[in-house]
Amino acid sequence: MSLEAGPLLHRRSLEGAAETERVPFARSEADKKKRGSLIHLQRKTSHESFVMRIPKIIYGTAWKKERTCDLTYQAVKSGFRGIDVACQPKHYNERGVGQALAKLKDEGITRNAIFIQTKFTSLDGQDLNQPLPYDSKATLSEQMEQSLQTSLKNLETDHIDSLVLHSPMRTLQATIEAWKKLEDFHDRSVVKHIGISNIHQLPVWEELYDKARVKPHFVQNSMHEGNLFDCYMRESCRERNVQYQSFWTLTGAPRVLKHPHLLEIARKKGWTPEQVWFRYHIEDGVIPLSGTTSQKHMEDDVMISQIDEGLSEEEKTIIHKFLWG
């Protein structure tokens, strides 16, 4: 396949990104060895148990509304073992996820077989015209406690595998205050892992990481062509042994999914273009979220995360070159 066409993307300084250029993906043999050692070190940290057991792909339940129960049930029956939700009635139906979990338990798929991740959403992200999961007049710490108790009730569980701050607060000070409450949940073992979502300013992220007593296990961000697939944040997470989760992985890559080189790889392997793109990021250490409502696509997504056959080094190089040159 010819690699003469110019790259789809051009590295440039983004808001909050370091001015010095970073290589977003390993390109040389030395880079590959460095990446490999970082993954190895990650598995030697105190996070080892969570690293080894979290699924390689997670089902996202945003905007499913009254279909949440049925689609969550269908996703797990199709092979998903990770579910992402939020205590945010505006966009999520936590109770629907809990109903699906109860139904699955009756069929022999126990709670401990499924990785459940939910989020605390501040007032800025809530619809004030809907019932809130906490008292709007309470302190931030009290709101987070009430939100956690609401999530436990909705999900019909006694623990949360991962609780994520849905976005940074308005100030760094408030974000650190919220993080300390997540640390409290972690200390009490009611929450096993903690993280943050929608964080795109590297200085804010790095200061939060440095000041955290319990270091973030997860960052969950949108990953799309417009933010260069969040390459700077992903590299920062890799350097800190933090697991990166992506959403908008497919919808944010329309040109990539139509690129002739990616289509040719898909044709040769008998995969869909979407499977090639998911697999490329899974092999780069990303956990993508899939929010599909199609059972066929659910099965395709699970399959590509589980099969032993992956992308060859040549195929990954081809993808890298048409992305970055």
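The values are calculated or read from the model by the stated rules, or taken from the named source; none is laboratory data. Values in this document were obtained by computation on a predicted structure and should not be read as measured data. Virtual Cβ from ideal backbone geometry, glycine too; neighbours counted across all protein chains shown.
Those residues that are more than 18 Å from Leu250 (Cβ to Cβ) and of a type outside the set (S, T, N, Q), I need them from the range 56-74; list them, please.
Lys65, Glu66, Arg67, Cys69, Asp70, Tyr73
Let me confirm something: among Leu208, Leu257, which residue is aliphatic (A, V, I, L, M), at pLDDT 95 or above and under 29 Å from Gln173 (Cα atoms)?
Leu208
For the range 86-115, name all the residues that are in a loop (DSSP other than H, G, I, E, B) and without any contact (Cβ under 8 Å) to a residue 60 or more places away in the chain.
Listed by number, the residues that qualify are Pro89, Lys90, His91, Tyr92, Asn93, Glu107, Gly108, Ile109, Thr110, Ile114.
Scan the range 201-221 for residues that are in contact with a Pro (Cβ under 9 Å, 6 or more places away or on another chain) and of a type outside the set (A, V, I, L, M) and jot them down.
Gln201, Trp205, Tyr209 - these are the residues of the range 201-221 that are in contact with a Pro (Cβ under 9 Å, 6 or more places away or on another chain) and of a type outside the set (A, V, I, L, M).
Determine which member of the set Ile194, Ile199 is assigned to a loop (DSSP other than H, G, I, E, B), among the hydrophobic types (A, V, I, L, M, F, W, C), touching a residue at least 24 places away in the same chain (Cβ under 8 Å) and touching a strand residue (DSSP E or B) at 6+ places or on another chain (Cβ under 8 Å).
None of the other options fit; the residue is Ile199.
Just the residues that are in a helix (DSSP H, G or I) and surrounded by 14 or more Cβ atoms within 10 Å (Cβ to Cβ), please, taken from the range 116-148.
Gly125, Leu140, Gln143, Met144, Glu145, Gln146, Ser147, Leu148
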